[in-house]
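First up is the structure itself, then whatever we jot down about it.
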Amino acid sequence: VESTYVGLSASLKFLDHVELIPAFYYGLGEESGPTYNGYPYHENYNYFVISLGMAYHFAERWTADLRYDYTQKDSDLHYDSYYRNRLTAGVTYRF
């Protein structure tokens with residue numbers, strides 16, 4: 001696997017205890033491996049991710065967060081291209 005990517009993200013204080021966290025990532029990759037059904041496996045692809053998150057610091061060590069990610073992968077193998085919408089939520093405690 002060979003992969004090269006670049007990303008940009010920021011943490012923007014929106015209100016007293018709220019942060020907005022936008023991000024963008026772009027990558028290129030190449031994968032190769034053992035044969036599959038008698039054919040050598042080789043793939044070239046590129047992908048990007050656009051993300052927007054929000055974090056709420058509700059206590060000194062506690063944070064709740066919500067994040068949306070859109071990912072799109074374009075592959076030279078037609079069956080390996082995809083797009084994905086993902087929504088995640090979490091709570092973090094820092095020691």
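At a glance:
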{"item": "So Y79, is it exposed (fewer than 13 other Cβ atoms within 10 Å of the Cβ) and assigned to a helix (DSSP H, G or I)", "result": "yes"}
{"item": "Hey, Y41 more than 21 Å from the chain's Cα centre (by Cα) and more than 19 Å from A64 (Cβ to Cβ) or not", "result": "yes"}
{"item": "Matching entry among G29, G33 (being surrounded by 10 or more Cβ atoms within 10 Å (Cβ to Cβ) and either touching a Pro at 6+ places or on another chain (Cβ under 7 Å) or in contact (Cβ under 8 Å) with a residue 12 or more places away in the chain (or both))", "result": "G29"}
{"item": "Considering residues of the range 36-67 that are open to solvent by 70 Å² or more (accessible area, probe 1.4 Å) and charged (D, E, K, R) only, the residue modelled with the lowest pLDDT", "result": "E60"}
{"item": "Count of residues meeting criterion [under 17 Å from F48 (Cβ atoms) and open to solvent by 90 Å² or more (accessible area, probe 1.4 Å)] in the range 5-26", "result": "4"}
{"item": "Members of the range 66-88 found to be farther than 15 Å from V49 by Cβ and charged (D, E, K, R), listed by number", "result": "D76, D80"}
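The values are calculated or read from the model by the stated rules, or taken from the named source; none is laboratory data. If you're wondering where the values come from, they're calculated on a predicted model, not measured in any experiment. Don't worry about glycine lacking a Cβ; one is built from the backbone with ideal geometry, like all the others, and counts go over all protein chains shown. For accessibility, only protein heavy atoms count, side chains too; no ligands or nucleic acids. Shrake-Rupley method; radii C 1.70, N 1.55, O 1.52, S 1.80 Å.
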